[in-house]
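A.B. asks: Pasting a structure here, questions to come.
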Amino acid sequence: MEVGFLGLGIMGKAMSINLLKNGFKVTVWNRTLSKCDEVVAHGASVGATPAEVVKNCKITIAILSDPAAALSVVFDKDGVLEQVCNGKGYIDMSTVDSQTSCKISEAITSKGGHFLEAPVSGSKQPAETGQLIILAAGDKALYEEAVPAFNVLGKKSFFLGQTGNGAKMKLVVNMILGSVMNAFSEGLVLAERSGLNPHDLLDVLDLGGIANPMFRGKGPAMLRDDNSPAFPLKHQQKDMRLALALGDENGVSMPVAAAANEAFKKARSMGLGDLDFSAVLETVKLHKQSS
Ligand SMILES: NC(=O)C1=CN([C@@H]2O[C@H](COP(=O)(O)OP(=O)(O)OC[C@H]3O[C@@H](n4cnc5c(N)ncnc54)[C@H](OP(=O)(O)O)[C@@H]3O)[C@@H](O)[C@H]2O)C=CC1
Ligand SMILES: O=CCCC(=O)O
């Protein structure tokens, strides 16, 4: 199967290499061309523009930073829309809001193409090992066609119905994720400042009812001040912002998520946006009691 792939950031690089390792022919494009080199070394071809990739491939996958990037790659000059036509499939795996997804869907389908949104749960390592959770919605036939690729990229794919439902599900999941990361950060600092060994806290948490892979995976790195990015903090803040907007639209009060969003905004203002979202810990460390 031949697929196009737009966006070779942390996720796109890992996912496209994974497809290549599993026998897919892949044509890639990235705004910063040099990021294609590593994927080309694994056997990918390069398209000069998103439009060229779509022209050459029946199905094109994208995973880009945010709504602005997702829209730009479709609607701008040399974008996806210029070559979408009957029989072409476009799958956007970026984390965006449902409005962005619906706008892209309408444009693609108005030209005879097929559209599926398929944001993912899971981070850099699951992307490398094909263990993502795929939250698809939109064109069911395109979903069925993409299942062989999804089986390589993920451990489980969900088809959630109409376009927008995948985006919403992803935002709800990441709203919880971001809120939990803030509570976890506060707990680590509280343990240390109150005279406990925070490594003991990690051990206690890991044996109890709120044990989870995130505490287990990120906790030790956070205690070492290692915030090398798997999931960039700027993207987590974008997801909190979009989830809060979804809360507004639906009249859902989310004070915990709102506070978490403020902490991520603070972290961005401290220049931590490109670090892992666990760097929100630094905002808790800022506040020291004066005697
Ligand atoms: N990292 C993670 O753990 C996860 C991330 N996600 C989501 O996946 C998406 C990608 O994340 P990730 O790979 O981490 O992000 P990165 O920041 O590593 O990569 C972002 C990608 O988007 C491209 N891009 C940004 N702006 C534009 C633009 N205006 N036009 C064209 N391309 C653009 C970048 O190109 P360039 O290289 O030129 O900057 C790059 O390819 C995001 O929506 C994120 O929320 C979902 C699950 C997990
Ligand atoms: O969107 C990113 C999710 C990161 C994760 O699930 O660890």
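A.B. asks: Restricting to segment 113-127, name every residue that is part of a strand (DSSP E or B) and not aromatic (Phe, Trp, Tyr).
C.D. replies: Correct list: His114, Leu116, Glu117, Val120, Ser121.
A.B. asks: Also, I was wondering about something else. Considering only residues that are in a loop (DSSP other than H, G, I, E, B) and within 17 Å of Ser121 (Cα to Cα), look in segment 213-232 and name the one that is nearest to ligand 1 (Cβ to nearest atom).
C.D. replies: Narrowing segment 213-232 to residues in a loop (DSSP other than H, G, I, E, B): 224-231.
Add one more test, that the residue is within 17 Å of Ser121 (Cα to Cα), and what stays is 229-231.
On the way: Pro229: 7, Ala230: 5, Phe231: 3 Å.
Of everything passing the filter in segment 213-232, Phe231 is nearest to ligand 1 (Cβ to nearest atom).
A.B. asks: Kindly list the number of the only condition in (1) under 23 Å from Ala14 (Cβ atoms); (2) part of a loop (DSSP other than H, G, I, E, B); (3) open to solvent by 40 Å² or more (accessible area, probe 1.4 Å) that fails for Ile210.
C.D. replies: Answer for Ile210: the failing condition is (1).
A.B. asks: Suppose we keep only residues that are more than 17 Å from Tyr90 (Cβ to Cβ) and in contact with a Lys or Arg (Cβ under 8 Å, 6 or more places away or on another chain) within segment 127-149. Which one would you say is farthest from ligand 2 (Cβ to nearest atom)?
C.D. replies: The selected residue is Gly130.
A.B. asks: Can you name every residue in segment 162-175 that is outside any loop (DSSP other than H, G, I, E, B) and open to solvent by 30 Å² or more (accessible area, probe 1.4 Å)?
C.D. replies: Asn165, Lys168, Met169, Val172, Val173, Met175
A.B. asks: Taking Ala118, is it within 16 Å of ligand 2 (Cβ to nearest atom), without any contact (Cβ under 8 Å) to a residue 60 or more places away in the chain and open to solvent by less than 20 Å² (accessible area, probe 1.4 Å)? Break it down stepwise before answering.
C.D. replies: Working: within 16 Å of ligand 2 (Cβ to nearest atom): yes; without any contact (Cβ under 8 Å) to a residue 60 or more places away in the chain: yes; open to solvent by less than 20 Å² (accessible area, probe 1.4 Å): yes.
Taking the combined requirement at face value, the residue satisfies it.
A.B. asks: Does Leu116 count as over 18 Å from Ile17 (Cα atoms) and within 12 Å of ligand 1 (Cβ to nearest atom)? Steps first, please.
C.D. replies: Working: over 18 Å from Ile17 (Cα atoms): yes; within 12 Å of ligand 1 (Cβ to nearest atom): no.
So Leu116 fails the test.
A.B. asks: Out of all the residues in segment 176-207, which are of a type in the set (S, T, N, Q) and either assigned to a helix (DSSP H, G or I) or open to solvent by less than 50 Å² (accessible area, probe 1.4 Å) (or both)?
C.D. replies: Here is the first cut: in segment 176-207, the residues of a type in the set (S, T, N, Q) are 179, 182, 185, 194, 197.
Scanning segment 176-207 gives Ser179, Asn182, Ser185.
A.B. asks: Are any of the residues in segment 75-87 under 17 Å from the mean Cα position of the chain (by Cα), open to solvent by 10 Å² or more (accessible area, probe 1.4 Å) and modelled with pLDDT of 95 or more?
C.D. replies: Taking every residue of segment 75-87 in turn, none turns out to be under 17 Å from the mean Cα position of the chain (by Cα), open to solvent by 10 Å² or more (accessible area, probe 1.4 Å) and modelled with pLDDT of 95 or more.
A.B. asks: Taking only segment 134-161 into account, find how many residues are closer than 15 Å to Phe115 by Cα, open to solvent by 50 Å² or more (accessible area, probe 1.4 Å) and part of a helix (DSSP H, G or I).
C.D. replies: Residues meeting the conditions: 4.
Okay, residues lined up against (1) closer than 19 Å to Leu6 by Cα; (2) in contact with a Ser or Thr (Cβ under 8 Å, 6 or more places away or on another chain); (3) among the aliphatic types (A, V, I, L, M):
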{"residue": "Tyr90", "(1), (2), (3)": "yes, yes, no"}
{"residue": "Ser101", "(1), (2), (3)": "yes, yes, no"}
{"residue": "Gln131", "(1), (2), (3)": "no, no, no"}
{"residue": "Lys168", "(1), (2), (3)": "no, yes, no"}
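The values are calculated or read from the model by the stated rules, or taken from the named source; none is laboratory data. Owing to the predicted nature of the structure, the values given are computational and were not obtained by experimental measurement. Heads up, the Cβs are rebuilt from the backbone with ideal geometry, glycines too, and the neighbour counts pull from every protein chain shown. What goes into the accessible areas is simple: the full protein's heavy atoms, side chains included, and nothing from ligands, DNA or RNA. Shrake-Rupley method; radii C 1.70, N 1.55, O 1.52, S 1.80 Å.
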